[in-house]
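Derivation of every value follows stated rules applied to the coordinates shown; laboratory data play no part. None of these values were measured; they are calculated from a predicted model. We place every Cβ from the backbone using ideal geometry, glycine too, and count neighbours over all the protein chains shown.
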Amino acid sequence: MPSDPEPTPCPVPVAGDARRVAVERQGPVLIEGSVEIVLDDATVARSDRFMVAVCTCRRSRTYPWCDTSHRDRDRPAPKNRNPE
């Protein structure tokens, strides 16, 4: 009788390995723990830091990691809703 094949590691975290992800308004996505990010060209960016900031605006010079370049952009001033 053939032996059972060796189990392969699961590429998706299971319940005990859940990651905490925080979405910052007008900012990066913060992820706790090691991550691998598959980019558009199929390359993989990996970080083993305790917390990583993933860029969502694509302005970062270190994309996919956030370098706070999004702070440099000009934001429109809020509209005055009660003109006097």
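Things to note:
- Formal net charge of residues neighbouring MET51 (Cβ-Cβ distance under 14 Å; K, R +1; D, E -1): 0
- If the segment from GLU32 to THR68 were pulled out straight at 0.36 nm per residue, it would be longer than the present Cα-Cα gap by 11.2 nm.
- Net +/- balance of residues flanking GLU32 in space, Cβ distance below 11 Å, scoring K and R +1, D and E -1: +3
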